[in-house]
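The values are calculated or read from the model by the stated rules, or taken from the named source; none is laboratory data. Predicted model, so just to flag it, every value in this text is computed and none were measured. Please note: Cβ atoms are built from the backbone with ideal geometry, for glycine as well, and neighbour counts cover all protein chains shown. For the accessible areas, the whole protein counts, side chains as well, though only heavy atoms, and no ligand, DNA or RNA atoms are used. Shrake-Rupley method; radii C 1.70, N 1.55, O 1.52, S 1.80 Å.
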Amino acid sequence: MSDRVAVVSGANRGLGLAIVRALAERGLRVVLTSRSRERGAEAASGLGAHGSAVAVHALDITDADSVAEFTSWLHVTFGRCDVLVNNAAIFIDGPQDGITADLDSVRVTLETNLLGAWQLTQALVPAMRAGRYGRIVNVSSSAGRLSTMRMGAPAYRISKTALNALTRMIADELRDDGILVNACCPGKVRTDMGGPAAPVSPEEAAVTPVWLATLPADGPTGKFYRDCREQEW
Ligand code: NAP
């Protein structure tokens, strides 16, 4: 894994930071991306021994210029991209359901959780195709599963359902390029999003996305996992 380059979005805190640490521990060169470069650098400074394997770069996944600048920098700096973890997301639903939903908050949520991840994926897949290798991990949520869909958090739920659909679609497209694409739910995680009472630590939650980010060539693609076990969509 030592020459592999992994990109993690939204990695200055929470699950993204735990994924960066775990990938660096496995010997990958990791790019910790953050909307704020300063917050990213601060987060990286707490990584200890593995911090030297981690580069920091600014990236706002909703900003096309930011994605283009990041992609150019990645090309010049590493000349490759092997792993993309689409981790960045927002959860801004108030107490609302589908009928009462503020559609502006739905639009803003889709801009980040769906279109941001999609835009970054489009930008980085050419480098994966060039290397005939890629692992794309879409950090989704059980809240987006159609098979168990319930009321509440409509913007967030729909955004993750759509991310799951994107996962299946591009997994099919990229199957013959050596690129495996999967989605996962990390569980309820003790982060700013999950809250302090959530049962799963960021380190525990990182296990499934890190496993998917380092799958062998005959690994699965187009699937949805939680605790490294396949889930119904
Ligand atoms: P978090 O603590 O709220 O962290 C979210 C990260 O995303 C932050 O680094 C944030 O950056 C970044 N971000 C938001 N918008 C961005 C943008 N436009 N461009 C780049 N980065 C952006 O959330 P988390 O709990 O670690 O969640 C990580 C992933 O797990 C998300 O996909 C989430 O949906 C999923 N998930 C979480 C839980 C849970 O219980 N926590 C459950 C199921 C799924 P800033 O610091 O700049 O805001």
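Below are the figures for this structure:
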| item | result |
| --- | --- |
| At 0.890 mPa s and 25 °C, Stokes diffusion of the range 31-138 via Kirkwood alpha-carbon radius, µm² per second | 160 µm²/s |
| Length-normalised contact order of the chain in % [C-alpha pairs under 8 Å, at least 6 apart] | 19 percent |
| Portion, in percent, of the accessible area of the chain that falls on carbon or sulfur, probe 1.4 Å | 53 percent |
| The chain: translational diffusion in µm²/s, Stokes-Einstein, Kirkwood Rh over Cα pairs, 25 °C, 0.890 mPa s | 140 µm²/s |
| Exposure of Met149 as accessible area (Å², to 10), given a probe of 1.4 Å and all protein chains | 70 Å² |
| Among Leu74, Ile170, His50 the positive-end extreme of the charge dipole of the chain (Cβ point charges) | His50 |
| Exposure of Arg21 as accessible area (Å², to 10), given a probe of 1.4 Å and all protein chains | 70 Å² |
| Only Lys, Arg (+1) and Asp, Glu (-1) charged, at Cβ; the chain dipole about Cα centre in debye | 420 debye |
| In Hz, Karplus ³J(HN,Hα) per residue of the range 79-85 (6.51, -1.76, 1.60; θ = phi - 60°; x = Gly, Pro) | x, 6, 8, 9, 9, 10, 10 |
| Nearest-ten-degree value, helix 154-174 long axis tilted from longest Cα axis of the chain | 40 degrees |
| Acute angle (nearest 10 degrees) that the helix 117-131 long axis makes with the longest principal axis of the chain, alpha-carbon atoms | 30 degrees |
| Solvent-accessible area per residue, Å², over the chain with all protein chains present [probe radius 1.4 Å] | 46 Å² |
| Inter-part distance where the range 130-200 and the range 42-86 are each reduced to a Cα centre, Å | 20 Å |
| By accessible area with a 1.4 Å probe, ligands and nucleic acids excluded, highest first: order of Lys160, Lys223 | Lys223, Lys160 |
